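**Student:** Dumping the structure here so I can ask a few things about it.
The values are calculated or read from the model by the stated rules, or taken from the named source; none is laboratory data. Nothing here was measured: the structure is a model prediction, and the numbers come from that model. With ideal geometry, Cβ positions are generated from the backbone for all residues, glycine too; neighbour counts draw on all protein chains shown. What goes into the accessible areas is simple: the full protein's heavy atoms, side chains included, and nothing from ligands, DNA or RNA. Shrake-Rupley method; radii C 1.70, N 1.55, O 1.52, S 1.80 Å.
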Protein chains: 4
Amino acid sequence: MNDIETIQAELRKFNQERDWDQFHNGKDLAIGIATEAAELLEAFLWKRAEDASIDKIREELADVLNYAFQMADRYNLDIKEIMLEKIRKNAEKYPVEKAKGSAKKYNEI
Amino acid sequence: MNDIETIQAELRKFNQERDWDQFHNGKDLAIGIATEAAELLEAFLWKRAEDASIDKIREELADVLNYAFQMADRYNLDIKEIMLEKIRKNAEKYPVEKAKGSAKKYNEI
Amino acid sequence: MNDIETIQAELRKFNQERDWDQFHNGKDLAIGIATEAAELLEAFLWKRAEDASIDKIREELADVLNYAFQMADRYNLDIKEIMLEKIRKNAEKYPVEKAKGSAKKYNEI
Amino acid sequence: MNDIETIQAELRKFNQERDWDQFHNGKDLAIGIATEAAELLEAFLWKRAEDASIDKIREELADVLNYAFQMADRYNLDIKEIMLEKIRKNAEKYPVEKAKGSAKKYNEI
């Protein structure tokens, strides 16, 4: 079993033991991801990046990832596949020769 | 190389080719995760979970994961380690006998 | 002084007394609005709308509005003017005869 | 009619003409506020505050406010009252002598 499958198996076990699958519809999982992403963001509020607490970043990033992995599982999406596919699409949207050193959006370059 | 490392290597290559590491400080990566999480959430706006577009979910979930993996890389956090650690912490916060079948927060159970 | 001006004057006084204007650049105010919006959203997580706590909604909606009013002030935007302008724009994007009873986005109707 | 009431009356008219009140339950309005807050935040992604587009800020801040005003209306919350109440509460949480010049959270000061 690879790493991603190992983690998803742990998440599945955690939820089954608590009978929580009933709550984990896609809409609430999306709300869960968004609220955890905001808690991660709060680590940087009124601060320079370098002053944020690494402990808080660690905790909140793990929460974002845990919900995101559950969302993938809920919709039978293969995490590695959809991530690599998106990198390929972004490579087309942001060709090296146009995007190099620029933070502009693809529709501005 | 396991699957998480494979994906992170692809992301690193993508960013190096475009010289984008200069933009990827923690604060902006956290903003990136939050804005992609909101695009994922938008797939469910004014809708029941079952009416959301699976294509949009696939795209936006991949975006959330891609930024989250880059954030982990930026802070040298081991994704598998922080995720499994968080599952263990949540297992303590939500003991099976108290949490089973309940969607309450840990400070309410 | 109308209502919006009264509230903005109170916010301005609150921040001046604490010497907080130095932190209130647009980027952090936008982060503040997004994190409070997520706390409001959390009131509905794993719940039907009618089961959310009205006390939490009241608190978090006030936080969203307080930051949003400060953001308007920071950029010298007239709240009433930009809101009414947006309603007019939306009225053009969503003409009554096409949008009536439909939750579709303007580019789908 | 004061300015907040004027805006809420316009929003109510807009929604009634389109028969949109049926979609505007609290949960989806909260999602709407969060997604618009993220679009506002996106104006600052990979940028210093001073490089964000004022036109985009104006548009997206108006969207946040429009949904927030509709949310208040949906729950019969008096916007001026809840905002001033929150400023009073924050004044207690952040007493001037402790909070002056500090961006720390109330539980850290």
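**Student:** Looking only at the stretch B:63-77, which residues are assigned to a loop (DSSP other than H, G, I, E, B) and either more than 21 Å from the chain's Cα centre (by Cα) or at the interface with chain A (Cβ under 7 Å from one of its Cβ atoms) (or both)? Talk me through it step by step, then tell me what you get.
**Tutor:** Quick first cut of the stretch B:63-77, residues assigned to a loop (DSSP other than H, G, I, E, B) only: B:75-77.
Matches in the stretch B:63-77: B:75, B:77.
**Student:** Restricting attention to the stretch D:29-47, report how many residues are within 20 Å of residue D:79 (Cβ to Cβ) and open to solvent by 20 Å² or more (accessible area, probe 1.4 Å).
**Tutor:** Residues in the stretch D:29-47 being within 20 Å of residue D:79 (Cβ to Cβ) and open to solvent by 20 Å² or more (accessible area, probe 1.4 Å): 1 in total.
**Student:** Residue check, residue A:13 against (1) in contact (Cβ under 8 Å) with a residue 12 or more places away in the chain; (2) surrounded by fewer than 14 Cβ atoms within 10 Å (Cβ to Cβ); (3) farther than 25 Å from residue B:43 by Cα, all met but one. Which one?
**Tutor:** (1)
**Student:** Contact list please: Cβ distance under 7 Å, first residue in the stretch D:20-45 and modelled with pLDDT under 95, second residue part of a helix (DSSP H, G or I) and open to solvent by 20 Å² or more (accessible area, probe 1.4 Å), pairs at least six apart or on different chains.
**Tutor:** Matching pairs, first to second residue: D:24/D:70; D:24/D:74.
**Student:** Here's a follow-up. Name the one entry in A:51, A:19 that is at positive phi and exposed (fewer than 15 other Cβ atoms within 10 Å of the Cβ).
**Tutor:** Selected residue: A:19, the only one of A:51, A:19 that is at positive phi and exposed (fewer than 15 other Cβ atoms within 10 Å of the Cβ).
**Student:** Scan the stretch B:7-36 for residues that are more than 7 Å from every other protein chain (Cβ to nearest Cβ) and within 17 Å of the chain's Cα centre (by Cα) and jot them down. Quick ask: steps written out before the conclusion?
**Tutor:** First, the residues of the stretch B:7-36 that are more than 7 Å from every other protein chain (Cβ to nearest Cβ): B:8-9, B:12-13, B:15-16, B:20-22, B:24, B:29, B:36.
Correct list: B:8, B:24, B:29, B:36.
**Student:** Just wondering, is there one or more residues in the stretch B:37-52 that are more than 25 Å from residue C:48 (Cβ to Cβ) and either small (Gly, Ala, Ser) or more than 10 Å from chain D (Cβ to nearest Cβ) (or both)?
**Tutor:** So far as the stretch B:37-52 goes, no, none of its residues is more than 25 Å from residue C:48 (Cβ to Cβ) and either small (Gly, Ala, Ser) or more than 10 Å from chain D (Cβ to nearest Cβ) (or both).
**Student:** Any idea which of (1) in contact with a helix residue (DSSP H, G or I) (Cβ under 8 Å, 6 or more places away or on another chain); (2) open to solvent by 10 Å² or more (accessible area, probe 1.4 Å) is the one residue D:26 doesn't satisfy?
**Tutor:** (2)
**Student:** If you don't mind, another one. Just to check your reading of the model, which residue among B:56, B:89, B:80 is touching a Ser or Thr at 6+ places or on another chain (Cβ under 9 Å) and either part of a helix (DSSP H, G or I) or touching a residue at least 24 places away in the same chain (Cβ under 8 Å) (or both)? Quick ask: steps written out before the conclusion?
**Tutor:** Numbers: B:56 fails: touching a Ser or Thr at 6+ places or on another chain (Cβ under 9 Å); B:89 fails: touching a Ser or Thr at 6+ places or on another chain (Cβ under 9 Å).
None of the other options fit; the residue is B:80.
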